[in-house]
Amino acid sequence: EWTAVQSGNITGFIRSEYLMDAGQAQQKVRQMEAEALKNGTEVTFSYGETKEEEAARLQAEAEQRAREEAERKQAQRQAVVDYACQFIGNPYVWGGTSLTNGADCSGFVQSVYAHFGISLPRTTWDQEYAGTAVSYDQAMPGDLILYEGHVGIYMGDGQIVNAINPSKGIGVIPATCMQIK
């Protein structure tokens, strides 16, 4: 009356009357769907998956999560750039950290990132060691571009937004206008 069923290293038993082959199972599903339709009820079926199908599903889910995470990070980076650009035209003030009343280059960067809950050191020299270094060709929007005594926020397309100097204030300049560290 009982049939042994093995799944991986586990063996269990099922009453033999409940076993059916794939063709019988498909026929039973069709019968149940027809009866449900006739009675106006909804029937859903779920089927087990093979190890290969499970591996493929898990891989696809991991890839989807990775894509979503990359999109989220890209959106965060762009938010930093967009926020920083709101202050274009405001004054440069040596030693300043005010995005509206004036900031120097490192004060500007520090204050922009503080808006996003990211704490950076006050000076360019200390900001240089606050993160993970990447080469200029790997820079992404929101990354800091460091120069000898200057820092700006990379916008993409070879541009930085930064507190330039007292005569130009906060603005956008080419990222390669100075020697990059």
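The values are calculated or read from the model by the stated rules, or taken from the named source; none is laboratory data. Computed from a prediction, not measured in an experiment: that's the story for all the values here. Note: ideal-geometry Cβ built from the backbone for every residue, glycine included; neighbour counts use all protein chains shown. The accessibility values were calculated without ligands, DNA or RNA, using every heavy atom of the protein model including side chains. Shrake-Rupley method; radii C 1.70, N 1.55, O 1.52, S 1.80 Å.
Let me know the charge dipole size of the stretch 101-181 about its Cα centre in debye, to the nearest 20, where only the beta-carbon of Lys, Arg (+1) and Asp, Glu (-1) is charged.
For this selection, approximately 180 debye.
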Quantify, in whole percent, the carbon and sulfur part of the accessible surface of the chain (1.4 Å probe; protein heavy atoms only). 52 percent
Please give the net charge around ARG65, taking every other residue with its beta carbon less than 12 angstrom from that of ARG65, where Lys and Arg add +1 and Asp and Glu add -1. -3
In terms of the charge dipole of the chain, which places +1 on Lys and Arg and -1 on Asp and Glu at the beta carbon, the residue among MET140, PRO121, ALA163 farthest towards the positive end is ALA163
Just to compare against my own numbers: the Cα pair-distance distribution for the stretch 1-116, 10 Å bins, whole % per bin, please. 10, 18, 16, 13, 10, 10, 11, 9, 1
Taking the alpha carbon gyration tensor of the stretch 63-181, what are the square roots of 5 times its eigenvalues, largest first, to the nearest whole Å? 23, 15, 14
With a cut-off of 15 Å, note down the residues of the stretch 145-181 whose backbone N falls inside the zone around a label point 7 Å from the Cα of ALA133 toward its beta carbon. 145-149, 180-181
Based on Cβ point charges of +1 for Lys and Arg and -1 for Asp and Glu, what charge dipole magnitude is obtained for the chain about its Cα centre, in debye rounded to the nearest 20? 520 debye
If you place +1 on the Cβ of every Lys and Arg and -1 on the Cβ of every Asp and Glu, how big does the dipole about the Cα centre of the stretch 1-86 come out, in debye to the nearest 20? 200 debye
How far, in nm, would the chain grow between SER98 and ILE180 when pulled straight, counting 0.36 nm per residue and subtracting the alpha carbon separation? 27.0 nm
Report the full-extension gain for the segment ILE173 to ARG15: residue separation times 0.36 nm, less the Cα-Cα distance, to one decimal in nm. 49.2 nm
Top positive-direction residue, dipole computed over the stretch 25-101 with Cβ charges, set TRP94, VAL81, MET32: TRP94
Taking the alpha-carbon distance from LYS51 and a cut-off under 21 Å, which lysines remain once sequence neighbours fewer than 8 residues away in the same chain are dropped? none
Simple SL model, points at 7 angstrom along Cα→Cβ for ILE88 and LYS73; separation in nm is 2.7 nm
Specify the residue with the greatest mean-square fluctuation among VAL134, VAL112, VAL43, computed from a Gaussian network of the chain linking alpha-carbon atoms under 10 Å apart. VAL43
Could you tell me the relative contact order of the chain? Use alpha-carbon pairs under 8 Å, at least six residues apart, and round to a whole percent. 16 percent
